[in-house]
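Encoded as structure tokens, the structure appears first; notes follow it.
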Amino acid sequence: MRVSIQQQDFDLSAELAALHGNAGQVGALVSFVGLVRDFSDSGAIENIYLEHYSGMTEKALHKIIDEATSRWQLINVRVIHRVGLLLPSEQIVLVATTAQHRAAAFAACEYIIDYLKTAAPFWKREQTSNATHWLETRDSDEQRTARWENKTA
């Protein structure tokens with residue numbers, strides 16, 4: 001289980017190959033890659049800037065992963081979240097899970113990204129053609145996270 005907070009981009013193929021390794025018990029590998037959009041309610045996005053609080057962010061991500069592994073029988077997890085200045089179409093986040101069965105890998109991947117969007121301490125500033133502003137957690141993201149509260153594996 002590895003967590004990385006980094007400015008540099010990541011090689012998706014290399015990350016997934018490393019996550020799978022030669023683990024014969026892996027029956028499913030599920031991944032989510034988030035990309036920087038080129039649009040928002042405020043206009044065309046020119047860039048976004050992400051900040052985090054080192055130490056606190058990694059601790060929060062490990063807590064989310066620990067909860068996922070207690071709910072589903074996962075073999076491995078990889079989370080990469082980029083920080084700094086990012087342009088439209090750039091990769092911003094990777095969440096990948098492996099398990100013996102696809103249901104566990106899918107559910108855990110979705111759980112991790114849902115909580116990452118609402119519980120991990122990242123701050124995102126969006127620069128559009130019209131303005132610069134800090135983004136707040138969306139109600140739709142909060143609703144997605146809330147659905148896990150009473151849901152079990």
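Odds and ends about this structure:
- Residue in the range 126-133 that is farther than 22 Å from residue 65 by Cβ, free of Cβ contacts under 8 Å to residues at least 40 places away in the same chain and touching a strand residue (DSSP E or B) at 6+ places or on another chain (Cβ under 8 Å) present: yes
- Within the range 95-106, considering residues that are among the hydrophobic types (A, V, I, L, M, F, W, C) and crowded, with 20+ Cβ neighbours inside 10 Å, the one farthest from residue 28 (Cα to Cα): 95
- When the criteria are applied in full, residue 44 fails the requirement of being modelled with pLDDT of 95 or more and among the small types (Gly, Ala, Ser).
- Selection from the range 115-133 of residues that are more than 19 Å from residue 54 (Cβ to Cβ) and either of a type in the set (S, T, N, Q) or loosely packed, with under 14 Cβ neighbours inside 10 Å (or both): 118, 127, 128, 129, 130, 131, 132, 133
The values are calculated or read from the model by the stated rules, or taken from the named source; none is laboratory data. Keep in mind the model is a prediction, meaning the values are calculated, not measured. Positions of Cβ are backbone-derived with ideal geometry, glycine not excepted, and every protein chain shown enters the neighbour counts.
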